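Structure first, commentary second.
The values are calculated or read from the model by the stated rules, or taken from the named source; none is laboratory data. Since this is a predicted model, take the numbers as computed values, not measurements. Every residue, glycine among them, receives a Cβ derived from its backbone with ideal geometry; neighbour counts consider all protein chains shown.
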Amino acid sequence: MTLFQGIPVCIKGTGIALPERIMTNDDLSRMVETNDQWIRERTGIAERRIASPDERTSVFAERAARSALHDAGMTPDDVDMIIVATNSPDMLFPGVAPTIQGALGATRAGAFDLQSGCTGGVYALTVGVSGISCGLWENVLVVGSETISRLVDWTDRNTCVLFGDGAGAVVLSRSRVGDGRFLSAELRSDGTKSDYLTLPAGLALHPASHETVDKRMHYVTMKGNDVFKFVNRVIPVFLEEYCESSGLVLDDIDWWFFHQANRRIIERTAARLGIPIEKVVINIEHYGNTSAASLFIALNEFLEEKRLQKAQKVLFTAFGAGMTYGGIIYEA
Ligand code: UT7
């Protein structure tokens, strides 16, 4: 079952927070053996935002959360639950969510982090919507926030050119008359591909040691080609099945929000499904892959540009470490 059956849930507000520092492809070409043309052609990325030394994931998360609450016309006291999707928390515990809950003064709210690779945004939205839909919560703050630049090996051109930092937040609430509503969600995982994207050391499997540091095991490792092939093979089929189980055909979707991992992956998926590229929201050029934050940053920009019309349907989909993947559909 993919359909939400309970209380309808809408998006009440969105916000983002981005580091000021812009790192261009030319900047990168002075750090590793790469060049602007290669990065643009293979990924669609021109620049990305990089956190300054005094910024961290909770800083962006709090800023994005404040902005989303303001947009929703709410105060922190209105929030019942805070969910932060992140793969680059300030530290393992306490989580980013309780950190920002305290900073916001959201005294009534529970708070937890959700880690599900770059699919974290879709997972977190689904959990937030489910909690409201079943009557447990009224208002949920869902945040995707990353400082992946701290976890990237800046000597590894296979990964360091791809990622960027930033946060996006969404306030979810019970729908009133005239509001939109989430229609369905589908979350999947293929843990047999867990070696495609990893950060191996620093925890139980490989506790921090001189050896793990010497072997650069505290950085993101990625089998880029395998991820690329996995997505091309799995995601188009998944999206077709997911739309069908939601009682929809691909054509019913007005706007497609793909995880901003690689422009070529997005275009190829759209082409395979016959989705006109004008229906696909793409902002990877300016931010790179901001992991669990990517869909929320794209959504906020899209809404600010007032491109979403009443009753239009939006499908958010992502894939990431795990390999996890999933989708969630919203009707405006
Ligand atoms: O949220 C999930 C995160 N991960 C992803 O979505 C990753 C998905 N995969 C990809 O986006 C692509 O596989 C990459 C962008 C990572 C790589 O693109 P590719 O077209 O698959 O390139 P490749 O790995 O097959 O490498 C092609 C060539 C190689 O050189 P040779 O062996 O042909 O001489 C690489 O060494 O490009 C070289 N190369 C680079 N050259 C310049 C690899 N990285 C770079 C670089 N700059 N940064």
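Of the residues L172, L151, L162, the single one that is away from the ligand (no atom under 16 Å from the Cβ), at pLDDT 95 or above and either touching a Cys at 6+ places or on another chain (Cβ under 9 Å) or among the aliphatic types (A, V, I, L, M) (or both) is L172.
Could you look through region 297-332, keep only residues that are in a helix (DSSP H, G or I) and either of a type in the set (G, A, S) or touching a Ser or Thr at 6+ places or on another chain (Cβ under 7 Å) (or both), and pick out the one that is farthest from the ligand (Cβ to nearest atom)? Steps first, answer last, please.
Initial filter on region 297-332 (in a helix (DSSP H, G or I)): 297-304.
Checking which are either of a type in the set (G, A, S) or touching a Ser or Thr at 6+ places or on another chain (Cβ under 7 Å) (or both) leaves us with 297-300, 303.
Numbers: I297: 14, A298: 14, L299: 17, N300: 19, L303: 23 Å.
Here the answer is L303.
Only residues that are more than 19 Å from the chain's Cα centre (by Cα) and outside any helix (DSSP H, G or I) were counted across region 260-274, and they come to 1. Restricting attention to region 36-65, the residues that are exposed (fewer than 14 other Cβ atoms within 10 Å of the Cβ), more than 23 Å from H259 (Cβ to Cβ) and within 16 Å of the ligand (Cβ to nearest atom) add up to 1.
Taking region 36-60 as the range and being part of a loop (DSSP other than H, G, I, E, B), touching a residue at least 24 places away in the same chain (Cβ under 8 Å) and closer than 15 Å to R21 by Cα as the test, the residues that pass are A46, I50, A51, S52, E55, R56.
When you scan region 19-30, do you find a residue that is within 16 Å of the ligand (Cβ to nearest atom), assigned to a loop (DSSP other than H, G, I, E, B) and modelled with pLDDT of 95 or more, even just one? Yes, because at least one residue in region 19-30 is within 16 Å of the ligand (Cβ to nearest atom), assigned to a loop (DSSP other than H, G, I, E, B) and modelled with pLDDT of 95 or more.
For region 270-282, a residue qualifies if it is buried (at least 17 other Cβ atoms within 10 Å of the Cβ) and either acidic (D, E) or within 27 Å of L69 (Cβ to Cβ) (or both), and exactly one does: V281. State yes or no: is V177 surrounded by 18 or more Cβ atoms within 10 Å (Cβ to Cβ) and either modelled with pLDDT of 95 or more or not in a helix (DSSP H, G or I) (or both)? It is false that V177 is surrounded by 18 or more Cβ atoms within 10 Å (Cβ to Cβ) and either modelled with pLDDT of 95 or more or not in a helix (DSSP H, G or I) (or both). Listed conditions (1) part of a helix (DSSP H, G or I); (2) closer than 22 Å to D153 by Cα; (3) polar (S, T, N, Q) are all met by S67, apart from (2).
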